[in-house]
Amino acid sequence: MNESTAIAPAQLNLILAWIWILLGFASGFVLGLFFHRDDWLGGYGSFPRRLYRLAHIAFFGTGFVNFAFWLTASRLNWGGTALAVASWAFAVGAVTMPLCCVLMAQSRRFKLLFGVPVFSLMTGAVATIWKML
């Protein structure tokens, strides 16, 4: 992409936010097709079923976090390194959180991967707060 068509860092978060909200609706639809079955994925309280529900909610949660970041960055009209770090950290956190949930639903050996989205989201929050102060 050349400079005229490149997506600005905060703009990336707005696009990601709406895609993730859409994926939250879509994943809820898919999960809703089977939730009436008591034994689906081992029952309501089973570990895999809880993790799939968490992945579904993670789409909404991280989508809204990216939207809030876009609003903040737009309102404060700031740029620079802190903006780029926060933007990419929130994007990485949004992509990896539902992915980690689904992977862990398959095998508990992936539990350490949760550090990636958590660290990414915390980095985005710290960079945003740092810039606001």
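Could you work out how far helix 9-32 tilts from the main Cα principal axis of the chain, as a 0 to 90 degree angle to the nearest 10?
10
Heavy atoms only, probe 1.4 Å: what % of the accessible area of the chain goes to carbon and sulfur, would you let me know?
Exposed carbon and sulfur together represent 72 percent of the surface.
What's the whole-number percent of alpha carbon pairs in region 41-133 lying beyond 23 angstrom?
Of all Cα-Cα distances in region 41-133, 31 percent exceed 23 Å.
If you put +1 on each Lys and Arg Cβ and -1 on each Asp and Glu Cβ, how big is the dipole of the chain around its Cα centre, in Debye rounded to 20?
It comes to approximately 360 debye.
Just the accessible area per residue of the chain, please: how many Å² with a 1.4 Å probe?
In whole numbers, the chain has 61 Å² accessible per residue.
Relative to the longest principal axis of the C-alpha atoms of the chain, give the angle of the C-alpha long axis of helix 81-106, reported between 0 and 90° and rounded to the nearest 10°.
It is inclined by approximately 10 degrees.
From the helices alone, meaning DSSP H stretches of at least four residues, give me the mean residue ellipticity at 222 nm for the chain, per-run term -39500 (n - 2.57), in deg cm²/dmol to the nearest 500.
Per the formula, -26000 deg cm²/dmol.
Can you pull the one-decimal nm distance between simple spin-label points at L112 and V95, each 7 Å off the Cα toward Cβ?
If labels sit at L112 and V95, their model points lie 2.2 nm apart.
Using a 1.4 angstrom probe and counting only protein chains, how large is the accessible area of F34 in Å², to 10?
Counting only protein heavy atoms, the figure is 70 Å².
For the Cα atoms of the chain, what angle does the longest principal axis make with the long axis of helix 115-132, in degrees from 0 to 90, nearest 10?
The angle comes out near 30 degrees.
So if R0 is 35 Å, what FRET efficiency would M132 and S46 give, r being the distance between their Cβ atoms, rounded to the nearest 0.05?
Once rounded, the FRET efficiency stands at 0.25.
The values are calculated or read from the model by the stated rules, or taken from the named source; none is laboratory data. It should be emphasised that the depicted structure is a prediction, and the values quoted were computed from it without experimental measurement. Quick reminder, even Gly has a Cβ in these numbers, built from the backbone with ideal geometry, and neighbours come from all protein chains shown. Just so you know, the surface numbers come from the protein's heavy atoms only, side chains and all, with ligands and any DNA or RNA stripped out. Shrake-Rupley method; radii C 1.70, N 1.55, O 1.52, S 1.80 Å.
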